[in-house]
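Asker: What follows is a structure written as structure tokens; I'll ask about it next.
Just so it is clear, none of the values below were taken in a lab; they were calculated from the coordinates. This is a predicted model, so every value here is computed, not measured. Every residue, glycine as well, gets a Cβ built from its backbone with ideal geometry; the counts of neighbours run over all protein chains shown.
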Amino acid sequence: MYAFKLASFAALFSAMAAAAPAPAAEKRTTGTATYFAAGLGACGWESSGSDWIVALTPSMYDNGSNCGKTVKVTNQNTGTTHKATVVDECPSCESTGSLDMSEGFFKALGGTTEEGVFPISWEFSS
């Protein structure tokens, strides 16, 4: 009887574990990093080239609803990851996943002004 109860418990536990929802996957976006000369951004804040800031595509900028949010960005070529603050809109960014960055943030992620672009993945972060 004891062996039956133990086997039943083990089967029940296994079934519950299999039915448990998987942890939510991070919502990462991919695109291209470019850099820009910082100044007065669309969010209304003045920034300098050494600030770690980004500009989002118009669809991601969403009329300013993402101003002040933090993004965690990874250079896909090097694996370097840093965080920056959304302060601007990038009307010339071509794909939804592209970010325009201050020169300081671009260089911190391993980009060079000679190169001008590199592939990235990113997500909103805290």
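Asker: Considering only segment 81-106, state which residues are over 18 Å from Gly39 (Cβ atoms), of a type outside the set (Ser, Thr, Tyr) and free of Cβ contacts under 8 Å to residues at least 40 places away in the same chain.
Answerer: His82
Asker: Oh, and also: Go through (1) within 16 Å of the chain's Cα centre (by Cα); (2) among the small types (Gly, Ala, Ser); (3) on the phi > 0 side of the Ramachandran plot and name the single condition Ser98 misses.
Answerer: (3)
Asker: Continuing with this model, one more query. Answer yes or no: is there a residue in segment 89-107 that is farther than 24 Å from Asp62 by Cα and aliphatic (A, V, I, L, M).
Answerer: Among the residues of segment 89-107, not one is farther than 24 Å from Asp62 by Cα and aliphatic (A, V, I, L, M), which makes the answer no.
Asker: If I ask for residues that are hydroxyl-bearing (Ser, Thr, Tyr) and without any contact (Cβ under 8 Å) to a residue 24 or more places away in the chain, which ones from segment 62-80 would you list?
Answerer: The answer is Ser65, and nothing else.
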